[in-house]
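The values are calculated or read from the model by the stated rules, or taken from the named source; none is laboratory data. This structure is a prediction, so every number in the text was calculated from the model and none was measured. Quick reminder, even Gly has a Cβ in these numbers, built from the backbone with ideal geometry, and neighbours come from all protein chains shown.
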Amino acid sequence: MSPWIRRPSRPLVPRLPERWGAAWRGFWARRAPRFARRHVLPWFGILVVAGVGAAIGFALAPGSSTYVGPLQTEVRVRPSLSPGVEVDLPPVGKVTFDTHRAPIIVTANIESVDVDAAARLVRSPQQLLALELTAADTVRSAVVRAAAYSLACGFGGAVLAAVVVYRGRRRTLQTGAALLVVVVAAGAGTALTFDAGALRQPRFTGLLSRAPYVVSSTQNALDRLESYRSGLSDIVRSVSTLYAAAANLPVLGDEQSGSTGLGENVTTVLHISDLHLNPLGYDLTDNLVKQFGVDAVVDTGDTTTWGTGAEASFLGRIGGIGVPYVWVRGNHDSTDTQAQVAAQGAIVLDQGATTEVAGLVLAGQGDPVFTPDGEGAAATGSAEQVQESANETLAAGIETWDDAHADDPVDIALVHDPSGLQPLYGRVPLVLAGHLHKRSVTLDSSGTRIMVEGTTGGAGVTSAGLNRLADGAPLPLSATLLYFGRTGPDAGRLLAYDEVTVGGLGLAEVNLQRTVLSDEDRPALSVPIPTASGSSSSSGSATGSATQPSG
């Protein structure tokens, strides 16, 4: 062998002889089953016994009964894979709050109502004030008692199950210790993930399957529609009243009050869109305006379906709403429709025009196309370029207003089709749109928030809407309540919004969900700067409203 050829070096870790490996495997083959039998399986059995016994105890634990004003309420605390706080309002539905992530649920059931006490409460401002000041402490005490009852019954069930199964002190103590570890971990998880702000964001869900207006399918379509319309008015009025009351419950450390639970210093705007000749859409609008003290209604178009003069009678509902009504043209609305809407007293915005309503500045642009046969598809290609060109006109109108009113810039931009919005990014804090028959909320990197409404008319009299109705799966009616600051540093800023969804014809489901925005949800506006490649990047400076906080 040549002296220049090196021998391969020995490995840093010498290889064990084959017989040693075989001996090691044989050792574990003998020890592993013994280890599992002596340590793993016993503790697994202890956890199973503790879980079964505790589950029975939790199920049998009594609730804590208390009076919150005229309401006799039973509070329970128990384990659940759907954690949070839940207020049952039988037979109407329930209000839930996503307050924590640990597997514990707090439920409150309204057992009875003292009608006489409720009447006295409504007539007495002093009693109302006393209720606001004491309700939080009353509910907190009831929750603590209910948690103590559940914990005691859970431990009792686990210990009793251990005594029955093991009949020995050692295993019984181990079962109790195992349950204690689980309870402490769940309690710590609840405390660490608890968000008091979630109590301001209730979600109402109701299902009135036995309501009198869920009528037989043997009735003709007109009778079914009128029956549902009368029932819809009742259900929305009742549900929205309960929801508003639940949203107004005092939050720990929060002294605000008002019909929305956000304080009285707010302006409430109702956003509707795509009614498509469905009278149920205006029924829903009327009820929400009355129940939530709406200051203005914003309609982002497609009120009609074919844009003909024959549809003018449907537009007569606008004049009776009773609050300012701001409207932009949709792709199903003709210029004749636009004139008819204006004749009803509505404020029609087009070509970047602006208006001041309820302390807010709005700018709008009607849809540049008229396609009554369309079904709300997102614009692409040249169609999106048409939309973008129209939005450039709107952006120019916004810039003109902002240059002349530096202290009071445009708060909301209204369009119908949410395509080609690039000219608006960073120039206005909020864009409201419709067209897609599907609700969505997005926040652009420029600070502009885009809120696309679903269809307040459940797609109404369109081929898509009628097909869904014929298939027994009608589109739901949707609308959104927007809450803006009225005065001070939050003036014109979007503080929160309630998404309202009502089941379609023949259904009786109502859902109301609140979202409260934080300062992080309202970044400063920044107009994107176009790059050489044609794309855009955000800049920290901008003209007009670019330095204003997003709404």
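Kindly provide the set of residues from the range 436-459 that are of a type outside the set (A, V, I, L, M) and closer than 17 Å to V326 by Cβ, ordered by number. Please lay out each step first, then the result.
Of all residues in the range 436-459, those of a type outside the set (A, V, I, L, M) come to 437-440, 442, 444-449, 453-458.
If the condition is that a residue be of a type outside the set (A, V, I, L, M) and closer than 17 Å to V326 by Cβ, then E453, T456 are the ones that fit.
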Any residue at all in the range 130-140 that is closer than 20 Å to I110 by Cα and modelled with pLDDT of 85 or more?
no
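Answer with yes or no whether V144 is among the aliphatic types (A, V, I, L, M), modelled with pLDDT of 80 or more and assigned to a helix (DSSP H, G or I). Please lay out each step first, then the result.
Details: among the aliphatic types (A, V, I, L, M): yes; modelled with pLDDT of 80 or more: yes; assigned to a helix (DSSP H, G or I): yes.
Yes.
Conditions tested, residue by residue: (1) of a type outside the set (A, V, I, L, M); (2) modelled with pLDDT under 95; (3) part of a helix (DSSP H, G or I); (4) more than 29 Å from the chain's Cα centre (by Cα).
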{"residue": "A383", "(1), (2), (3), (4)": "no, yes, yes, yes"}
{"residue": "V410", "(1), (2), (3), (4)": "no, no, no, no"}
{"residue": "A413", "(1), (2), (3), (4)": "no, no, no, no"}
{"residue": "H416", "(1), (2), (3), (4)": "yes, no, no, no"}
{"residue": "G426", "(1), (2), (3), (4)": "yes, no, no, no"}
{"residue": "H437", "(1), (2), (3), (4)": "yes, yes, no, no"}
{"residue": "V441", "(1), (2), (3), (4)": "no, no, no, no"}
Only one of (1) part of a strand (DSSP E or B); (2) at pLDDT below 90 does not apply to P474, and that is (1)
If T515 satisfies every condition in (1) of a type in the set (S, T, N, Q); (2) part of a strand (DSSP E or B); (3) modelled with pLDDT of 90 or more but one, which is the exception?
(3)
From the list L424, L414, L432, L443, exactly one residue is assigned by TED's automatic domain parsing to the domain that holds T303, surrounded by 21 or more Cβ atoms within 10 Å (Cβ to Cβ) and touching a helix residue (DSSP H, G or I) at 6+ places or on another chain (Cβ under 8 Å). Which is it?
L424
Which one of these does A29 not meet: (1) over 35 Å from the mean Cα position of the chain (by Cα); (2) at pLDDT below 80; (3) surrounded by 11 or more Cβ atoms within 10 Å (Cβ to Cβ)?
(3)
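What about D302, is it over 19 Å from S419 (Cα atoms) and of a type in the set (D, E)?
Judged against the criteria, D302 is not a match.
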